[in-house]
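> Okay, handing you the structure first.
Only the coordinates and a few stated rules stand behind these numbers; no lab work does. A quick note: this is a predicted structure, and the numbers were derived from the prediction, not measured. Here the Cβ positions follow ideal geometry from the backbone for every residue, glycine too, while neighbour counts run over all protein chains shown.
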Amino acid sequence: ANYVVSPDGRKIAYARSDGGTDWVTLHVRDLDTGKDLPETLRDVKFGGSISWLADSQGFVYNRYPQDENGRGDDTRQARIFYHRIGGPQSADTLVYEVTDHPRRQASGQVSEDGDYLVLSLIEGSFDNGVYYMDLRKPERPVVRLLDQWDGIYDFLGNAGQRFYFRTTADAPNGRVIAIDLDRPGPDQWFEVVAETDTPIYAASLAADHVVLHYLTDAHSTVRLVRLNGT
C-alpha cells in the first residue's frame, strides 16, 4: 500500500494491505540482506503516513487506538507515534495527538534536513492547519504556524527556517508562498509564485527551484521558478 526508503538508503518501511482492506501492517526490510526485520506494526490504515527521521534509526507514523476487542478503532482519531527500528510497537513513543477538536486528523512529515516535524491537520477537503515541532529542541514544543483554516496549505519543503507552501488561501487556483518562522504573520509572507488563470495541479521543491505542474485542456505544462520568485 505504501513504501518509504530511509534517508541512508539501507532500509524500506512499507505498508501491506490486510486482505485488500484499508487496514495495513507496517514492516521494515533491510536492503543489504533483502530480509524483513522482526517488527510488525498494526492498527494502521492506508499508507500509515510514514516519515523517516534523518538518522534513519526510526520513523513517525499514524496509529489508531484500540477498541475493547484489541483491534484498531477508526471511529476515533489516529495519533502520531515514533517507532525506533528494532524495538517492539509497545515501546513506540506518542509524538502528537489532537486533543482540542473531535474530528481533525493529524499526520507528520519530517523535513528533508531533519530539523522539523511538520504536522498537517485536516477536517475536510478545502482547508487544513499546519503546526510544527523543532526536533533539535529537547522539549519539542508544538508551534501552531497556520491555524486560520482559510485554505489548503501543502508543505513543499524548507530552506532552513523558511517554509514553502502551495496554498489556495486568497488564491483558489493556487499560489506558492514562503513563511519565515521568525516572522510568520500573513503580512510577512513572501509570494514566490502568484496565482494565474490556470490552476496549479501539483508543486514540489527541487534544490533552489519550485517545480510547478499546470493542467490545461487535458495536457500538462511544467514551470520552474527560483525560490526568489524569478
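> Each residue of segment 72-81 in order: what ³J(HN,Hα) in whole Hz does its phi give by Karplus 6.51 cos²θ - 1.76 cosθ + 1.60, θ = phi - 60°, with x for Gly and Pro?
Per-residue couplings from phi come out as x, 10, 7, 7, 10, 7, 5, 10, 9, 10 Hz.
> So what are the radius of gyration and Dmax for the Cα set of segment 119-200, in Å?
Rg, Dmax (Cα atoms, Å): 12.9, 45.
> Spelling out what I want: for every residue of segment 202-219, take phi, set θ = phi - 60°, compute 6.51 cos²θ - 1.76 cosθ + 1.60 (Karplus), and round to whole Hz; glycine and proline get x.
Ordered by residue, 3J(HN,Hα) equals 7, 8, 8, 9, 9, 6, 9, 10, 9, 9, 10, 10, 9, 10, 10, 6, 6, 9 Hz.
> Evaluate Rg over Rh across segment 5-47, taking Cα atoms for both radii and Kirkwood's formula for Rh. Spell out each step's value before the answer.
Numbers: Rg = 11.0 Å, Rh = 10.9 Å.
That ratio is 1.02, to two decimals.
> In debye, nearest 20, what is the charge dipole magnitude of the chain about its Cα centre with +1 on Lys and Arg Cβ and -1 on Asp and Glu Cβ, if you could check?
Roughly 480 debye, rounded to the nearest 20.
> Can you give the Rg to Rh ratio of the chain, both from alpha-carbon atoms, with Rh computed by the Kirkwood formula?
Dividing the radius of gyration by the Kirkwood radius yields 0.98.
> One-quarter of the Cα convex hull surface for segment 1-112, in nm²?
Convex hull of Cα atoms, orientation-averaged projection: 7.4 nm².
> Could you tally the net charge around Leu146, taking each other residue with its Cβ under 12 Å from the Cβ of Leu146, Lys/Arg +1 and Asp/Glu -1?
My count for the surroundings of Leu146 gives -3.
> If you don't mind, there's one more thing I want to ask. With the contact rule set at Cα under 8 Å and sequence spacing of 6 or more, what percent relative contact order holds for segment 1-86? Before the final figure, lay out the partial values.
Numbers: 192 pairs, mean separation 19.2, N = 86.
For segment 1-86, the relative contact order is 22 percent.
> Next up: Mind giving me the nanometre distance, one decimal, between the label points for Phe126 and Thr196, set 7 Å out from Cα along Cα→Cβ?
Result: 2.6 nm between the two label points.
> Hey, another quick one. Taking a cut-off of 23 Å between Cα atoms, list the lysines near Lys45, but don't count ones fewer than 8 places away on the same chain.
Lys11
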